[in-house]
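Heads up, the thing below is written out as structure tokens.
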Amino acid sequence: MAFWWPLIVLAFAYAICRFLLMLIPPNVPSIQVDASDVLDDGNQTQENSFIYVPPRGRTQQSETKVQCYEPATMKYLGYYPALTPVQVKERVALARKAQKTWAKSSFKQRRLFLRILLKYIIEHQDLICEISSRDTGKTMVDASLGEIMTTCEKITWLLSEGERWLKPEYRSCGRSMIHKRSKVEFHPLGVIGAIVSWNYPFHNIFNPMLAAVFSGNGIVIKVSEHASWSGCFYFRIIQSALAAVGAPENLVDVITGFSETGEALVSSVDKLIFVGSPGVGKMIMRNAAETLTPVTLELGGKDAFIVCEDADVEHVAQIAVRAVLQSSGQNCAGAERFYVHKDIYSSFINQVSKIVKSVSAGPPLAGKYDMGAICMQEHSERLQNLVNDALDKGAKLVVRGSFGHIGEDAVDHFFPPTVIENVNHTMKLMQEEAFGPIMPIMKFSTDEEAVKLANDSKYGLGCAVFSGSQHRAREITSQIHCGVAAINDFASSYMCQSLPFGGVKDSGFGRFAGVEGLRACCLVKSVVEDRWWPYIKTKIPKPIQYPVGENGFEFQESLVEALYGLNIWDRLRALVTVLKILTDQNSHASSNSKRRDD
């Protein structure tokens, strides 16, 4: 007992010291970011005070400006240049020059950069959420959940574990290389390119940027033409934080434009991360093939949401509505196919209907609304076509939510939350990604049927399974072909930033987030060296030195069996043969040497 007391006292003292250190506030510099031109304080200039009505039925690809407006109110926000391919290559070249300096930065400097960002985000949550809300139509609560919490979680994970996963990782050398030491090193790739979607403009910029910069890379991010206004403001935050830690200028850049801008970025960078549709993802792969540029593709999904008969219906109904309506269906991994066991099918629909009836949609900053606007022009028309196709094929409309006060010009940017029953897989609503506030509900009888239905999709991003038996939920989840899964919850895997995120099939390939996503920004290099250098050096055994001896193959054959034979006695016998050949070879060499001396 006398031996343990000193250890217990030391452990207790260490715990007390750690606790006291936690009470000392960290010395993190503050940054100032000019937001005077983005705050909606009612004092907008005349240029930015009118209602903007985007042209319908024609593409903007030929435009030289990216026009920005609030989808919930149609207020004009301004414009940004659509960069040409030449301008894109110039921006990448500047980032490449800056990256060569940043690659030599310490992890201490990189962590300070993250802490400065984290401090600013926490202190300016309302500003960040308001800008996201104005540019994409989401509510403040949805912006906080999808923009702020996810980004803060990623920063915290990188601060805690990032350096550990980027340090050299030592591996076993195997039997034949026991005299060696092997490791994997993670070096910066150079300049990462990212083409990101509009649904979470803040997080979609910060997510690839944080991983790229922390791993020593530069990055150029092409923001969506539907969220350029917010993206360019968020870029100011990054610039200010980089300047505060003495990082080289142009290490991070945000560019605006249309497809031509994105195509130029693909051919200019060392790796490309894309978040968007399968169609555009395939085009990016074709362009990347010209330069063999590696790509990570996150191409959306149509997640299965499975509810077993032993689940808590009232609880699951709340989660289901949240999964569908968050940001008007702007989920990163949207639940779009609901499979409910036949025994609770009616009660689940009743619970969901009660919730949806209480949901109101409207301009998110103009009142207390549960759902905001749809970001993309004319998307509500596409959603209605999906609903009409389902109704024509026998589906039944259960309930629709209500609207608040919506301006006449903004009507096309709203779609009521909608619940539909009696759906099946012949309907486009169950096959095509909707990206909208629609909940199609289909019944199933057995777990096997639920799995079959869930896998009957060209997408494979995520799934959610609910059951009173966690073992049963695990069994179902393990059989669904997708990249991320949640048991008795929805999309919780993305909040665990130590986990990789990505899908299979038409949902793409590659992973961002987690260890896998961080290391995906690196040149992974395998290194082998002598373990006991210079005392033991690698030498080629004499039997296989040039010119190869007559017993060279016999030596090699015996060596293989000595190292990898399944029977210990066979291995020992082969080892004796190896030693005999080496001894005979050395004796023969000594005799020849003596003969030459004579």
Q | Reachable lysines, given that their alpha-carbon falls under 22 Å from the alpha-carbon of Lys138 and they are not under 8 places away in the same chain | A | Lys75, Lys154, Lys222, Lys302, Lys357, Lys368
Q: State, as an integer percentage, the relative contact order of segment 250-402 based on alpha-carbon contacts under 8 Å between residues 6 or more apart.
A: 17
**Q.** Probe 1.4 Å, protein heavy atoms only - accessible area per residue of the chain in square angstrom
**A.** 48
(Q) If packing is taken as the average count of other Cβ atoms within 10 Å, what order do 287-296, 168-177 fall into, highest mean first? (A) 287-296, 168-177
Q.
Can you match Rg and Dmax of the Cα atoms in Å to one of these, [x] 30.0, 110; [y] 23.2, 70; [z] 37.8, 132, based on a calculation from the structure here?
A. [x]
Q. Once the piece of chain linking His405 and Leu566 is laid out straight, how much longer is it, given 0.36 nm per residue of separation minus the C-alpha distance between them?
A. 50.2 nm
**Q.** Tensor-based shape of segment 346-406 (alpha-carbon gyration tensor, a/c under 1.5 rounded, otherwise prolate or oblate)
**A.** oblate
Q. Considering only DSSP beta bridges with both partners in the chain, what is the antiparallel share in %, to the nearest 5?
A. 40
Q) List the lysines whose alpha-carbon lies under 19 Å from that of Lys537, not counting same-chain residues fewer than 8 positions away? A) Lys180, Lys183
Q) Along the positive direction of the dipole of the chain (beta-carbon charges: Lys, Arg +1; Asp, Glu -1; about the Cα centre), which of Val576, Phe274, Thr293 reaches farthest? A) Val576
Q) What are the DSSP H helices in the chain that stretch 27 Å or more along their long axis, judged by alpha-carbon atoms, and whose average Kyte-Doolittle hydropathy comes to at least -1.0? A) 4-23, 568-597
Q) What GluC sites (Glu not before Pro) does segment 308-392 have in DSSP loop regions with at most 13 other beta carbons within 10 Å? A) Glu378
Q | Computed [θ] at 222 nm, deg cm²/dmol, the chain (DSSP H ≥ 4; -39,500 (n - 2.57); rounded to nearest 500) | A | -13000 deg cm²/dmol
Q | Radius, Kirkwood style, for segment 308-398 when every pair of distinct Cα atoms is counted (Å) | A | 14.8
Q) How large, in percent, is the carbon and sulfur part of the accessible surface of the chain at a probe radius of 1.4 Å? A) 55
Q) PRE reach from Glu290 (point 7 Å along Cα→Cβ): which of segment 233-253 fall under 20 Å by backbone N? A) none
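The values are calculated or read from the model by the stated rules, or taken from the named source; none is laboratory data. Being a predicted model, the structure only gives us computed values, none of them experimental. Neighbour counts are summed over all protein chains in view; Cβ atoms, including those assigned to glycine, are modelled from backbone coordinates with ideal geometry. Accessible surface is based on the protein model in full, side chains and every heavy atom, while ligands, DNA and RNA are left aside. Shrake-Rupley method; radii C 1.70, N 1.55, O 1.52, S 1.80 Å.
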